[in-house]
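The values are calculated or read from the model by the stated rules, or taken from the named source; none is laboratory data. Remember, predicted model here, so these are calculated numbers, not experimental data. Every residue, glycine as well, gets a Cβ built from its backbone with ideal geometry; the counts of neighbours run over all protein chains shown.
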DNA sequence: ACCGGATCGGGAACCGGTTCCACAAAATCC
DNA sequence: GGATTTTGTGGAACCGGTTCCCGATCCGGT
């Protein structure tokens, strides 16, 4: 493996000049630079990033912490972040984080605390203060995308307002018996995404003087997946009590599950049941699902750009995270919602 | 940031002893080891992996090259690999690789060629010889999981036999008009996964003296996704010509799309159309899809274990990649296939 | 009592870059 | 035309670990 010393020798210059020539920092005569570059090319020299980060303290590597890879939303974020990092010349180190447990501690105390990443992007996780501190104490910035991280900048859609909008859509169609399938899991945290969506739903229901409708309950926790929506949907729609005429689900995947459950129970969508989802899943169009769209791939890209800005690698755009501007969402009306039957 | 020298000073030993004590290599008196460890603990010392890899040449980092994150199969592989690497104390650096183009070259020539990874796992990609060489020339092992990599060890299911088994299942049910929705894309390579599955289908059809059935063609290329299967399904099933009574699809996602297309066209599954998929998608059970199961998460884990073995970190298990044993598959019969109508 | 090997610890070189500093030559200024 | 400033280059220190080599102890065996 050729080292920079070999390049220097071949080009007839010193190590320091070779370093300057290749990194572009400091004064180097154009002619010298070319000679060094040619020498590097000739012997197939590739700089060791380890050696460089050892002295500069920069690794050109960003850690991405994510609870699932195989949920549509998270996969999109990951792809968006990866693309953006790659084009900035950065590596992406993936940490697939369990909700909690010893592996989670290990990620924070061992993996992330080392000097291997310049920054951390935490996607859809609710971090504890201690966890945030572990990172920031080492001088590394951390950005929360979606989830919460006490004391760290956060980039997110306005979940509460978006959920309210979805609910409003159903209300305006004349529905009065409306159920909500909330996302289960870490949703215990009061400021979590799940809790905010449920709160937005409640806001509008209360404002309309309505109670969530459905048996055994008008608000049911469901796993954020298609099977999760299916089984919760069976409970809700299969109950012999008075059925809701509309459902607002915390994710499109849950919505697909509900639609499948409705189909199995012979309940027509939308004539007997309106369904509105949340996310803008790539299959929503195909299944005619009305939904609140968000743009996770773009969110991944924006998160990376924000972090690059912090690291001084930015293009000089606005810092959305500290500006506190919520990310984009849009109500997309399709064929799964219609006026309430009378 | 405390360095190992600080730990050594506090413990009253030399740098070298501190290093030995913390890494566990070489002779260190138990009492000394404890003193050093306690000192490290006290000042919150965390070793710099960069410094260590600089001298040892080991990075404890594996690169995973993957074409999609958001396809079920790949997401599962990624999760499996991540978990396995984490528990081995390794980092996973993700390279989301485009099919081809300048970014792809950049990944190989710049990102992977540097000394940042100890090994590369390429998932579901068909690598060119030049690309494999770039990696191996730097002394780094590369493992192909699924896809092909000329000259590199490969870990894969027997796609051809599995596809033949799926076809055989339909034949045994009495079907004679059978179509195949093949995976499109990189499938041009003769030994690619897509090509092998199609070949397995053809094998059995030929053996049974049958031609692939359907208009405009009995073998149609489809994007490996639900929308891809949907639109290919519409073409195949919507054609006024004689319809096939069974379809074998190259992936479960395509199969879901076909089922959706059949539903839209009023074609009952399985009474008017049997569908068999491929993969063992997590939703297959819910939709009653007969399929050839494979176990991508486990495959990711096995790939990691194989690589660990090569890196001398293994647990001493069998080296499946060089042994050439195909990975596990299983035919799971559900309600989407039934006897041919007569 | 003597010897050989196992055990323990320190000094120093080294991994492969970057950067500070010194110095010289060339360009710019008044 | 001398004083500055800018430009270009080399030497050497340094980042934070690991490891080689060497000397010192300690142990059991004879």
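Is it fair to say residue B:67 is within 16 Å of DNA strand C (Cβ to nearest atom) and within 29 Å of the chain's Cα centre (by Cα)? It is false that residue B:67 is within 16 Å of DNA strand C (Cβ to nearest atom) and within 29 Å of the chain's Cα centre (by Cα). Looking across region B:186-232 at every residue that is surrounded by fewer than 18 Cβ atoms within 10 Å (Cβ to Cβ) and touching a helix residue (DSSP H, G or I) at 6+ places or on another chain (Cβ under 6 Å), the one that is nearest to residue B:154 (Cα to Cα) is identified as B:199. Tell me which of these residue B:89 doesn't satisfy, since it passes every other one: (1) within 12 Å of DNA strand D (Cβ to nearest atom); (2) on the phi > 0 side of the Ramachandran plot. Of (1) within 12 Å of DNA strand D (Cβ to nearest atom); (2) on the phi > 0 side of the Ramachandran plot, only one is false for residue B:89: (1). Residues in region A:88-108 that are at pLDDT 90 or above and within 10 Å of chain B (Cβ to nearest Cβ): A:89, A:90, A:91, A:92, A:93, A:94, A:95, A:96, A:106, A:107. Keeping to region B:3-17, report how many residues are within 7 Å of DNA strand D (Cβ to nearest atom) and either away from every other protein chain (no Cβ under 14 Å) or part of a loop (DSSP other than H, G, I, E, B) (or both). Qualifying residue count for the region: 4. Taken as a whole, the condition of being at the interface with chain B (Cβ under 8 Å from one of its Cβ atoms), under 26 Å from residue A:57 (Cβ atoms) and buried (at least 17 other Cβ atoms within 10 Å of the Cβ) applies to residue A:113. Only residues that are more than 14 Å from chain B (Cβ to nearest Cβ) and buried (at least 17 other Cβ atoms within 10 Å of the Cβ) were counted in region A:236-254, giving 11.
Apart from one condition, residue B:138 fits all of (1) part of a loop (DSSP other than H, G, I, E, B); (2) in contact (Cβ under 8 Å) with a residue 60 or more places away in the chain; (3) facing chain A (nearest Cβ under 8 Å); the exception is (2). Is region A:191-204 home to any residue that is in a helix (DSSP H, G or I) and more than 29 Å from residue A:128 (Cβ to Cβ)? Yes, the conditions are met somewhere in region A:191-204.
Every listed requirement among (1) touching a residue at least 60 places away in the same chain (Cβ under 8 Å); (2) closer than 21 Å to residue A:75 by Cβ is met by residue A:144 save one, (1). Among residues of region B:7-33 that are more than 17 Å from residue B:56 (Cα to Cα) and in contact (Cβ under 8 Å) with a residue 60 or more places away in the chain, none has a beta-carbon under 7 Å from a residue that is more than 10 Å from DNA strand D (Cβ to nearest atom) and part of a helix (DSSP H, G or I) at least six positions away or on a different chain. When residues of region B:262-292 are filtered for being within 28 Å of the chain's Cα centre (by Cα) and touching a residue at least 12 places away in the same chain (Cβ under 8 Å), how many remain? Residues flagged as within 28 Å of the chain's Cα centre (by Cα) and touching a residue at least 12 places away in the same chain (Cβ under 8 Å) within region B:262-292 amount to 18. Here is a check on your reading of the model: is residue B:89 within 30 Å of residue A:81 (Cβ to Cβ), within 10 Å of DNA strand C (Cβ to nearest atom) and surrounded by fewer than 16 Cβ atoms within 10 Å (Cβ to Cβ)? Taking the combined requirement at face value, the residue does not satisfy it. Taken together, the residues in region A:54-81 that are within 8 Å of another protein chain (Cβ to nearest Cβ), in contact with a strand residue (DSSP E or B) (Cβ under 8 Å, 6 or more places away or on another chain) and in contact (Cβ under 8 Å) with a residue 60 or more places away in the chain amount to 3. When B:25, B:20, B:35 are screened for being away from DNA strand D (no atom under 13 Å from the Cβ) and away from chain A (no Cβ under 14 Å), only B:35 passes. Would you please name the residue that is farthest from DNA strand D (Cβ to nearest atom), looking only at residues in region A:38-53 that are surrounded by fewer than 19 Cβ atoms within 10 Å (Cβ to Cβ) and away from chain B (no Cβ under 14 Å)? In this case the residue turns out to be A:42. In region A:18-44, what residues are near DNA strand C (Cβ under 8 Å from one of its atoms), assigned to a helix (DSSP H, G or I) and more than 25 Å from residue B:137 (Cβ to Cβ)? If the condition is that a residue be near DNA strand C (Cβ under 8 Å from one of its atoms), assigned to a helix (DSSP H, G or I) and more than 25 Å from residue B:137 (Cβ to Cβ), then A:20 is the only one that fits.
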